[in-house]
Amino acid sequence: MQREAGFGRPADGAADDGAAGSAAAGVVHRLSQRHETLATAESLTGGLLAASIVDIAGVSGIYRGGLVVYATELKGTLAGVPTELLSERGPVDPEVAAALAEGGRQRCGADWGVATTGVAGPEPQDGKPVGLVYVAVAGPNGGEVRQLALSGGREHVRAAAVVEALRLLAERIHAADAAQASAADDAVSPEAAIPETTPEAGSQTTPGATRGGVGTARAGRR
């Protein structure tokens, strides 16, 4: 498929981000086609996710903005994560990730929200191991959270979290495309496509006759 001009490549002067750049380009391109918008809410990635997205030329048409809520209390005050949830579960939790994605989506007025939270290292956090990451997507028709167990140093964990968040977002957009295509197919019924006809007076329908008069024979012509 040919890509629209201005999409699918890093902006001039931007560094090649490899997998993150490719994933971000695909997301920006598809959301532009769908005329939908995106927001981010980040914890451990600290703005890397937003940076990967805005590196793509033409992103201003789809990217609303983002929140970097590194401190636990800011996840509540800025992103709208319930304080009770943060108190009970801590910041590294699948429900917190889901709330971050939805909070970013609502606070920025976007159709889609994508979020990251986890432990980049070098030390465990609140009993959670280094490399435990949750990425989440919230969309017009619900969301999804994915748990990751990432290896490597701090920089690698953060970079990998960005890639996986973008991949999850791409999957959810693809699922939305498929659902819309299926709904469109269901809306076209065979009966609506083939007009109903009334046999002429004095005619009769032969066994196996189909709609539209096919398979009919006039009386007396057998």
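Structure values in brief
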item: Checklist (1) crowded, with 23+ Cβ neighbours inside 10 Å; (2) part of a helix (DSSP H, G or I); (3) among the hydroxyl-bearing types (Ser, Thr, Tyr) applied to SER60, failing item; result: (1)
item: Qualifying residues in region 146-170 (those that are among the basic types (Lys, Arg) and under 11 Å from THR116 (Cβ atoms)) - the one surrounded by the fewest Cβ atoms within 10 Å (Cβ to Cβ); result: ARG146
item: Residue among GLY113, GLY109, GLY139, GLY143 that alone is crowded, with 24+ Cβ neighbours inside 10 Å and closer than 21 Å to GLY66 by Cβ; result: GLY113
item: Candidates ALA79, ALA120, ALA99, filtered to the one that is at pLDDT 95 or above, in a loop (DSSP other than H, G, I, E, B) and more than 21 Å from ARG154 (Cα to Cα); result: ALA79
item: Single residue of LEU78, LEU85, LEU74, LEU38 found to be of a type outside the set (Val, Ile, Thr), in the same structural domain as GLY127 (by TED's automatic domain parsing) and touching a residue at least 40 places away in the same chain (Cβ under 8 Å); result: LEU38
item: Residue within region 175-194 that is modelled with pLDDT of 95 or more and surrounded by 20 or more Cβ atoms within 10 Å (Cβ to Cβ) present; result: no
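The values are calculated or read from the model by the stated rules, or taken from the named source; none is laboratory data. Bear in mind the structure is a predicted one, so any value in this text is a computation, not a measurement. Cβ sites come from the backbone with ideal geometry, for glycine too, and all protein chains shown count toward neighbours.
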